[in-house]
1. Given the residues LEU16, LEU78, LEU26, LEU64, which is the only one that is loosely packed, with under 11 Cβ neighbours inside 10 Å and under 15 Å from TRP108 (Cα atoms)?
2. For ALA33, indicate whether it is crowded, with 17+ Cβ neighbours inside 10 Å and over 26 Å from LEU118 (Cβ atoms).
3. All but one of (1) within 30 Å of ARG119 (Cβ to Cβ); (2) over 18 Å from the mean Cα position of the chain (by Cα) hold for GLY42, so report the exception by its number.
4. Going by what's in this entry, would ALA94 be described as of a type in the set (Gly, Ala, Ser), open to solvent by 60 Å² or more (accessible area, probe 1.4 Å) and in contact (Cβ under 8 Å) with a residue 12 or more places away in the chain?
5. Being open to solvent by less than 50 Å² (accessible area, probe 1.4 Å) and in contact with a helix residue (DSSP H, G or I) (Cβ under 7 Å, 6 or more places away or on another chain) is the filter; apply it to region 82-91 and report the residue that is farthest from ARG21 (Cα to Cα).
6. Is it true that VAL72 is over 15 Å from the mean Cα position of the chain (by Cα) and open to solvent by less than 60 Å² (accessible area, probe 1.4 Å)?
7. Among the residues of region 39-54, which ones are open to solvent by 60 Å² or more (accessible area, probe 1.4 Å) and either farther than 15 Å from LEU28 by Cβ or in contact (Cβ under 8 Å) with a residue 12 or more places away in the chain (or both)?
Amino acid sequence: MSSRDPHESLSGALGLALTVRFLLELALLTGAAVAAWRLIGGWVGVVTAIAAVIALAVAWGLLLSPKAHFTVGAVWQLVIEAVLFFGVAAALWAAGLWLPALVGVAVWAADRVAIALLRQLSRQ
């Protein structure tokens, strides 16, 4: 029999889910850049890709990061995240990259559910 604290394994699982969340944030920025570049092309596409990444990073930092400048409720955080992830997925789909669009949204949704459940379990 193991005498491990069940909260210890929950903490590890939550850490993993939060790591996946960080990787999803990076994938969101990458997806926005790739979609902008593929949809527009040329040097204008490059400039648009850079602008898209900056706009997303600023929005995320101001509204969604742990040290966000503006405090929004949990429901609004979820809505904003959904708009960002589904928006980038739609742009990727329009650029002909339907598989990364679907995978990105599916992994984001699964990770959001995992984080919510793990946080709830760790409070019990």
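The values are calculated or read from the model by the stated rules, or taken from the named source; none is laboratory data. Every value quoted in this text rests on a predicted model; they were computed, and no experiment measured them. In this analysis, Cβ positions are derived from the backbone assuming ideal geometry, glycine residues included, and neighbour counts consider all displayed protein chains. Accessible surface areas use protein heavy atoms only, side chains included; no ligands, DNA or RNA. Shrake-Rupley method; radii C 1.70, N 1.55, O 1.52, S 1.80 Å.
1. Details: LEU16 fails: loosely packed, with under 11 Cβ neighbours inside 10 Å; LEU78 fails: loosely packed, with under 11 Cβ neighbours inside 10 Å; LEU64 fails: loosely packed, with under 11 Cβ neighbours inside 10 Å.
Criteria check complete, one pass: LEU26.
2. Working: crowded, with 17+ Cβ neighbours inside 10 Å: yes; over 26 Å from LEU118 (Cβ atoms): yes.
In short, yes.
3. Here GLY42 meets the rest and fails (1).
4. yes
5. Let us first name the residues in region 82-91 that are open to solvent by less than 50 Å² (accessible area, probe 1.4 Å), namely 82, 84-85, 87-89, 91.
From what's left, in contact with a helix residue (DSSP H, G or I) (Cβ under 7 Å, 6 or more places away or on another chain): 84-85, 88-89, 91.
Values: LEU84: 14, PHE85: 12, VAL88: 16, ALA89: 16, ALA91: 20 Å.
The extreme case among them is ALA91.
6. Criteria met by VAL72.
7. Listed by number, the residues that qualify are LEU39, ILE40, TRP43, VAL44, VAL46, VAL47, ILE50.
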